[in-house]
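Notes for the one structure printed next.
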Amino acid sequence: MNLSLPHRRYNPLTDEWVLVSPQRAARPWLGAVEKVPQARRPAYDPACYLCPGNTRAGGAVNPPYTGVFVFDNDFPALLQPEHPPSGVEDQSPPESSPSGILKAEPETGVCRVICFSPRHDLTLAELTTAQIRRVVDVWVAQCEELGARDDIAYIQLFENKGEMMGASNPHPHGQLWATRHIPTEIAKETRGQLNYLASRHSHAPLLLDYLQIERQTGQRIIFENAHFVCLVPFWAIWPFETMIVPKRHIRRIVELTESERDGLADALKRMTTRYDNLFEVVFPYTMGVHQAPYDGQPHEEWQMHLHFYPPLLRSATVRKFMVGYEMLAQPQRDLTPEQAAERLRGLSEVRFAYSAPA
Ligand code: H2U
Ligand code: ZN
């Protein structure tokens, strides 16, 4: 099969297809790459609701924190089971029409905000690996705490970075949403990984067998360290989408050893630095940890991993829109995953310096 002609690629994690149109990609890198001058932010912003000592929108005051700081989201998308809004007690059964067409059920959970650093002006890429390691430790501690609860089946750790991704504030922060039910993407990936085990003689999880394939050619690998591989997945949808996958079978982030937590911090530092260097901007993305549900089941099929979904395509100002055919039919890309990996592989792991003084 000629991969330089239009084709579709299968994503075994989600059981979905992506259309790849490489013949259109001759175009993107001929033009100049625009650079957007970035003004440095102050280290402390009195108007920022995440900076230490400041008052948040809900009225709470942040402590003078010096490391990673976690607080309950003041505008949570989920309410805890023991805290329904006053006067509202939902004891009624779930909604379901006899045909099963209309279905609704209550959802409860916890939403927290995780400030990565007290410094308003830094992003993950600019924190030291030791500081990112503290973020990893907090992710683990949060999952240990919430994962032990009977009313939590899944914990989604994520970061929306940049206005383009809808982040409300440039102060470096992520979020976690922990729910009673397993969310859609996780249910899909659980099915995909279960199907793989059921249909093969291999006892290795899907993503570990996948890593073996990728390591044979290296064409989609960006870098590896002792514990993790960072690559552009064969089935990537976003132009510079990547995954970080552990080399050992790890179902949940809480299973990481000390040295693997260092390895994850190292991978995050290096990946975010390369991203910033791609267009010499603070690179926008949605990033998150995918892991096995905390629903009391072993989930041997699961291999934890991280996804980076960046919207940028050609420059700091040209983004990819998932519209039209992609919304109605299936995702499509021009730049091939192999080309994207080559670009990312060629970038420095030393972050570009701002030209404008603070
Ligand atoms: P994003 O920038 O990723 O959207 O996250 C910011 C979150 O912070 C958002 O979920 C919460 C918002 O509800 N928030 C507070 O909890 N308190 C505030 O004072 C403002 C924002
Ligand atoms: Zn701030």
Over the Cα atoms of the chain, each weighted equally, I'd like the Debye log10 I(q)/I(0) at q = 0.09 Å⁻¹, rounded to two decimals. -0.54
Can you list residues from other chains, or at least 5 along the same chain, whose modelled amide H is less than 5 Å from the amide H of R8? V20
What are the residues whose amide H is under 5 Å from the amide H of H290, where those residues sit 5 or more places off or on another chain and H is modelled from the backbone? H305, L306, H307
Quick one: 3J(HN,Hα) in Hz for segment 303-319, Karplus 6.51/-1.76/1.60 with θ = phi - 60°, rounded, Gly and Pro as x. 10, 5, 6, 10, 10, 10, 10, x, x, 6, 10, 10, 7, 5, 10, 9, 10
In whole percent, and with a 1.4 Å probe on the protein chains, what portion of the accessible area of the chain is carbon and sulfur? 56 percent
GNM top mover of E241, E82, E145 - the chain, alpha-carbon springs below 10 Å: E82
Taking only the C-alpha atoms, wrap a convex hull around segment 40-155 and report its volume per residue in Å³ as a whole number. 164 Å³
Rank Q142, Q219, Q297 by mean-square fluctuation in a GNM of the chain with C-alpha springs under 10 angstrom and give only the top-ranked residue. Q297
Which of the three applies to segment 244-315, rounded, prolate or oblate, going by the alpha-carbon gyration tensor with a ≥ b ≥ c and a/c under 1.5 meaning rounded? prolate
For the chain, modelled as a Gaussian network with Cα springs under 10 Å, which listed residue fluctuates most, R215, R261, R274? R215
Express the accessible area of the chain per residue in Å², computed with a 1.4 Å probe while the remaining protein chains stay in the model. 47 Å²
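The values are calculated or read from the model by the stated rules, or taken from the named source; none is laboratory data. If you're wondering where the values come from, they're calculated on a predicted model, not measured in any experiment. With ligands, DNA and RNA removed, areas are computed over all heavy atoms of the protein, side chains included. Shrake-Rupley method; radii C 1.70, N 1.55, O 1.52, S 1.80 Å.
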